[in-house]
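First the structure, in the form of structure tokens, and then the observations on it.
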Amino acid sequence: MAYEPVPVTNRSTSSNLAHLASVYLRKTGLSKLYKKFHFDKACQRDMLPKQNGRTVQFYRYGQLAASTSAKSPEGGVGTSEGTSSRTMSATVSQFTNFISTSDLLVDTAIDPIVQSNADILSYQAGLSVDTMTRTVIDAESASTDTTPLDTYLTAADFRAMSARLQGVDVEPMEDGWYLALAHPYVLYDLVNDPSAGGYTDIYKRNLSKDTAIIKPEDRGLFAYIGQCKIMASTNVLLTAGSPNKWRVYVFGADGIGCVDLEGRGPNRITDPKRQRFNIKVISPQGATGYDPEGVIGGIVSYNFSFVTVVLDGPTTIGGTYRYRTMDVPSSIVA
């Protein structure tokens, strides 16, 4: 008689063993996607002292034209030059948000959920500051926009934008470079520009130790080209269309201002994977006047006051815009 194995009755998939654990819950969340924040780097930062109202007024003296007339008559007392100045103002506003969690959720969640909420809110706060600053900058794009020299972004575009700023006497930032921000989608075309004087040509010839060389320790830094320090940012303006276009920014010094209320300004973070916005964490207080049943297990919040202002160029201010923008498509993303 042939041997027949005894059939297995109880398996891990058996429906009769209802008590078996079918899922292991990993207690550490998977990584999240983070944007990097660079627009604050374009700003001249000021502080509004407390007890001095909400509005800061800036001023800028006008320059005198060249005086080319010889003194006449000799020894005679001439007429004094008249000087002028322009003013601009900025009013700080308050920005807040919070996440509350019940005591039962805190006691039953598989992760430290209040801390997880603090991380989420920290990122929102940093993204909000970066986006609000960018929105003020974008509002003047009709006056700051320039036309690309080719279909896609090239090294020549950065040379052209820095030349346009130098041509109206706009100084670079304190480190000696104009600050440029661009999306990785359009920087791809910059890297693959094969023309003479393009990124590839510059890199091959190694024209200088700082030209087009990426420094790994500077997260977000892409290259130095055409007196521009180029930072990669995914928080630039996207103009939807056929094709989509991503805005490129080049900033000179003293063109954008950010004003914080003393002691209440936002944290300036660049890489939210390595830095955290200042989030307030309120631990459980038990039964209180605002929570008589003691059901709040924790609250995380932020509260800051600031404003961004374009300091030179707008109609209400006058003068010369100290930055340029350009909208370009990408060859790899429609």
Q. With (1) exposed (fewer than 15 other Cβ atoms within 10 Å of the Cβ); (2) more than 30 Å from MET173 (Cα to Cα); (3) under 33 Å from the mean Cα position of the chain (by Cα); (4) of a type outside the set (Lys, Arg) as the list, and ALA70 as the residue in question, which single condition is left unmet?
A. (3)
Q) Among THR96, THR101, which is among the polar types (S, T, N, Q), surrounded by fewer than 16 Cβ atoms within 10 Å (Cβ to Cβ) and either in contact with a Phe, Trp or Tyr (Cβ under 6 Å, 6 or more places away or on another chain) or not in a helix (DSSP H, G or I) (or both)? A) THR96
Q. Somewhere in region 261-283, is a residue farther than 18 Å from GLN124 by Cα, outside any loop (DSSP other than H, G, I, E, B) and open to solvent by less than 50 Å² (accessible area, probe 1.4 Å)?
A. yes
Q. When you look at THR316, is it in a loop (DSSP other than H, G, I, E, B) and hydroxyl-bearing (Ser, Thr, Tyr), yes or no?
A. yes
Q) Hey, any hits in region 25-37 for a residue that's of a type outside the set (Phe, Trp, Tyr) and in contact with a Gly (Cβ under 9 Å, 6 or more places away or on another chain)? A) yes
Q: Could you pull out the residue among THR101, THR55 that is in contact with a strand residue (DSSP E or B) (Cβ under 9 Å, 6 or more places away or on another chain) and farther than 23 Å from ASN278 by Cα?
A: THR55
(Q) Could you list, ordered by first residue, the pairs with Cβ atoms under 8 Å in which the first is in region 94-106 and closer than 29 Å to PRO266 by Cβ and of a type in the set (A, V, I, L, M) and the second is open to solvent by less than 60 Å² (accessible area, probe 1.4 Å) and assigned to a strand (DSSP E or B), at least 6 apart or interchain? (A) ILE99/ILE299; ILE99/VAL300; ILE99/SER301; LEU105/GLY297; VAL106/GLY297; VAL106/GLY298
Q: Could you grab me the full set of residues in region 68-83 that are among the small types (Gly, Ala, Ser) and under 30 Å from THR316 (Cβ atoms)?
A: SER80, GLY82
(Q) So in region 260-277, with the set limited to residues that are farther than 19 Å from LYS32 by Cα and not charged (D, E, K, R), which one is farthest from the chain's Cα centre (by Cα)? (A) GLY263
Q) Where residues in region 117-156 are part of a loop (DSSP other than H, G, I, E, B) and of a type in the set (A, V, I, L, M), which of them is farthest from ASP327 (Cα to Cα)? A) ALA139
Q: Please find, among TYR123, TYR152, TYR178, the residue that is open to solvent by 60 Å² or more (accessible area, probe 1.4 Å), in contact with a Pro (Cβ under 7 Å, 6 or more places away or on another chain) and of a type outside the set (S, T, N, Q).
A: TYR152
Q. Taking into account only those residues within region 1-48 that are hydrophobic (A, V, I, L, M, F, W, C), within 30 Å of THR131 (Cβ to Cβ) and assigned to a loop (DSSP other than H, G, I, E, B), which is modelled with the lowest pLDDT?
A. LEU30
Q.
Need pairs with beta-carbon distance below 6 Å; first residue within 18 Å of PHE39 (Cα to Cα) and within region 232-246, second open to solvent by 40 Å² or more (accessible area, probe 1.4 Å) and of a type in the set (A, V, I, L, M, F, W, C); sequence gap 6+ or separate chains.
A. TRP246/LEU238
Q. Can you name the number of the only condition in (1) at pLDDT below 95; (2) surrounded by fewer than 20 Cβ atoms within 10 Å (Cβ to Cβ) that ALA212 fails?
A. (2)
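For every residue, the table says whether it meets (1) among the acidic types (Asp, Glu); (2) over 24 Å from the mean Cα position of the chain (by Cα); (3) open to solvent by 100 Å² or more (accessible area, probe 1.4 Å).
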position	(1), (2), (3)
VAL6	no, yes, yes
ARG11	no, yes, yes
SER14	no, yes, no
ARG26	no, yes, yes
PHE37	no, no, no
LYS41	no, no, no
PRO49	no, yes, no
GLY62	no, yes, no
GLU74	yes, yes, yes
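The values are calculated or read from the model by the stated rules, or taken from the named source; none is laboratory data. No experiment lies behind these values; they were computed from the predicted model shown. Cβ sites come from the backbone with ideal geometry, for glycine too, and all protein chains shown count toward neighbours. Please note that ligands, DNA and RNA were not included when accessible areas were found on the heavy atoms of the full protein model with its side chains. Shrake-Rupley method; radii C 1.70, N 1.55, O 1.52, S 1.80 Å.
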